[in-house]
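Here's the structure we're looking at; comments come further down.
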Amino acid sequence: MLPLTDPRWRELLGGYKVRYDASVALLRLERGEDVWDELWQELHHQGELGEASYAAVPHLVRIAAAGSQRDRNFYGLLSTIEVERHRLANPPLPEWLVDDYGAAWTKVLDLALADLRHVRDPASLRSILGAVALAKRHLKLGAWIALADESEIDESLEQKSAWSELYR
């Protein structure tokens, strides 16, 4: 895992394909500050990612694992990064990060399964279930669950069957 004090953070590109030092926001997150808007904005932009996006994942998991529960920002951002990592326009996962990135996703599965016991709202449930599918390496299923909104799910069910006529 790239230490948050490593100067290489300043050279990594974020979602806008410009340098973004994610270590600053990650340190603030570790201190308990709400930096999710910044992380969403800078690590992912309209499907585009950079190496900073990938390098942030092990730290996001480490920081989140120290808490008692995670929310949809955690699972949603991780799922978005994992899904978009496979987009041909995005850079490949750097060799120096492969092991830590994989270990982080192994930990995501454990965290998600624990958080399923307590989740109540549909958006968080969808984020967690999508992360479970992605952690189990089911990319399409994970993308569909994690990234779909309620209207897309409704539309999909309507197309598959006469859902509204058969179910309450």
Q. In segment 57-78, which residues are hydrophobic (A, V, I, L, M, F, W, C) and under 10 Å from the mean Cα position of the chain (by Cα)?
A. 57, 60, 61, 74, 77, 78
Q.
Exactly one of these conditions fails for residue 88: (1) modelled with pLDDT of 95 or more; (2) hydrophobic (A, V, I, L, M, F, W, C); (3) assigned to a loop (DSSP other than H, G, I, E, B). Give me its number.
A. (1)
Q: State all residues of segment 72-95 that are basic (Lys, Arg) and surrounded by fewer than 17 Cβ atoms within 10 Å (Cβ to Cβ); if no residue qualifies, say none.
A: 87
Q) Where residues in segment 91-128 are at pLDDT below 95 and of a type in the set (S, T, N, Q), which of them is nearest to the chain's Cα centre (by Cα)? A) 127
Q: Among the candidates 98, 61, single out the residue that is out of contact with any helix residue (DSSP H, G or I) (no Cβ under 8 Å at 6 or more places or on another chain) and either buried (at least 22 other Cβ atoms within 10 Å of the Cβ) or part of a helix (DSSP H, G or I) (or both).
A: 98
Q) What are the residue pairs meeting all of these: first residue in segment 20-38, first residue without any contact (Cβ under 8 Å) to a residue 24 or more places away in the chain and charged (D, E, K, R), second residue surrounded by 14 or more Cβ atoms within 10 Å (Cβ to Cβ) and not in a helix (DSSP H, G or I), Cβ atoms under 8 Å, and 6 or more apart or on different chains? A) 28/35
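Which one of 56, 22 is over 19 Å from residue 106 (Cβ atoms) and buried (at least 21 other Cβ atoms within 10 Å of the Cβ)?
Details: 56 fails: over 19 Å from residue 106 (Cβ atoms).
Checking each option against the conditions leaves just 22.
The values are calculated or read from the model by the stated rules, or taken from the named source; none is laboratory data. Small disclaimer: the values here were computed from a predicted structure and weren't measured. Cβ coordinates were reconstructed from backbone atoms using ideal geometry, including for glycine residues, and neighbour counts include every protein chain displayed.
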